[in-house]
Amino acid sequence: MAPVPKSRPRRRTDRLVASLTAHFFLILGAAFILLPFVWMLLTSIRPASEVFTAGFNPIPSAFAGVENYSEALTKSPLLRFMANGVFVCLGILAVQLLFAIPAGYALAKLSFRAQPLIFALVLFGLTVPVQVTALPIYIALARLNLLDTYFAIMVPFFLSVFGIFLFRQFFKSFPQEIIHAARLDGFTETEIILRIIVPSAMPAIAAFAVFSITSHWNDLYWPLIVTTSPDHATPPLGMMIFRDQETGSNYGALMAGAAIITAPLIIAFLIAQRHFVRGITMTGVK
């Protein structure tokens with residue numbers, strides 16, 4: 001029997017050390033990212049008298065979670081803000097997918113003269129922040145008497161250049177032979193998109209949905225400009241109204257409200273986590 005090379009145990013030790021080191025830094029980074037959320041939860045069950053006490057006391061001496069969460073739910077229309085956020089986010093996502101999927105398919109699989117120019121414009125659009133177009137869109141909505149409506153909150157985000165780019169990258173790796181076979185079978189381009197492309201693009205759709213919903217659920221800038229009443233307020237704007245008009249300096253109730261409006265995003269991500277990771281991975285495959 002041949003002796004085991006001396007270098008093999010050393011290689012195993014090196015791999016183990018490298019793995020432990022990588023996991024240590026990953027756990028350290030995760031703890032750093034999760035710390036604000038943990039502190040938010042701890043503050044949401046802390047009495048108001050302990051929020052600004054001197055010293056570092058991570059565990060509250062008294063449990064005030066029932067009072068804080070009850071006040072967050074009863075003394076502010078928090079559920080209405082969340083319902084507005086769901087309607088706005090799903091409405092934006094539906095229109096974005098309606099435009100982004102066909103546009104991404106056209107840039108990835110169709111050949112036409114203006115294709116390089118359009119793709120260059122898409123890349124240019126990725127560099128333009130929403131603040132640049134805020135003023136002309138606001139003026140147009142004001143002249144059309146559409147301010148303080150759901151449409152005013154959603155309309156600047158109906159066309160997502162990031163979504164077009166994401167789906168274009170995903171469709172680049174889709175086999176061209178399947179599309180040619182579908183065309184030989186008499187499929188139109190619309191039928192190819194609806195019956196072949198969309199079912200295969202579920203990972204990319206899930207990844208884009210996570211980005212889109214998270215972005216617009218947390219958006220404060222644009223709703224603050226076009227919304228003037230609580231009837232159409234989204235969760236971040238609703239939290240401002242909640243803090244200023246209802247609780248004042250009661251940060252325990254404020255953090256309870258923040259925990260409530262954060263929970264749907266966490267649940268949605270956990271549900272779509274596998275598709276999200278797969279979609280992000282596959283969009284980088286050429």
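The values are calculated or read from the model by the stated rules, or taken from the named source; none is laboratory data. Everything numeric here is computed off the predicted structure, so don't read it as measured data. Neighbour counts are summed over all protein chains in view; Cβ atoms, including those assigned to glycine, are modelled from backbone coordinates with ideal geometry.
If a residue counts only when it is in contact with a Phe, Trp or Tyr (Cβ under 6 Å, 6 or more places away or on another chain), which helices (runs of 4 or more DSSP H) contained entirely in region 169-235 have at least 3 such residues? The qualifying helices (runs of 4 or more DSSP H) are 202-217. Anything in region 247-256 that is surrounded by 18 or more Cβ atoms within 10 Å (Cβ to Cβ) and at pLDDT below 85? List them, or say none. The answer is T247, N250, Y251, G252, A253, L254. Figure legend. Inter-residue proximity from region 195-209: first residues under 27 Å from D185 (Cα atoms), second residues among the basic types (K, R), beta-carbon distance below 6 Å, spacing 6+ or different chains. Indicated pairs: P203/R278.
Applying the set (1) in a helix (DSSP H, G or I); (2) under 30 Å from E191 (Cβ atoms); (3) without any contact (Cβ under 8 Å) to a residue 24 or more places away in the chain to M154 leaves exactly one unmet item: (3). For Q169, are the conditions met, namely being exposed (fewer than 12 other Cβ atoms within 10 Å of the Cβ) and either touching a Lys or Arg at 6+ places or on another chain (Cβ under 9 Å) or closer than 18 Å to Q96 by Cα (or both)? Here the answer is no, as Q169 does not meet what is asked.
Scanning region 163-189 for residues that are β-branched (V, I, T) and without any contact (Cβ under 8 Å) to a residue 60 or more places away in the chain yields I178, T188. For the structure I just gave you, tell me whether D148 is under 22 Å from P236 (Cα atoms), under 20 Å from the mean Cα position of the chain (by Cα) and of a type in the set (D, E, K, R). No; evaluated as a whole, the condition is false for this residue.
Residue-level check: of (1) hydroxyl-bearing (S, T, Y); (2) closer than 18 Å to G252 by Cβ; (3) more than 27 Å from the chain's Cα centre (by Cα), T43 misses just (3).
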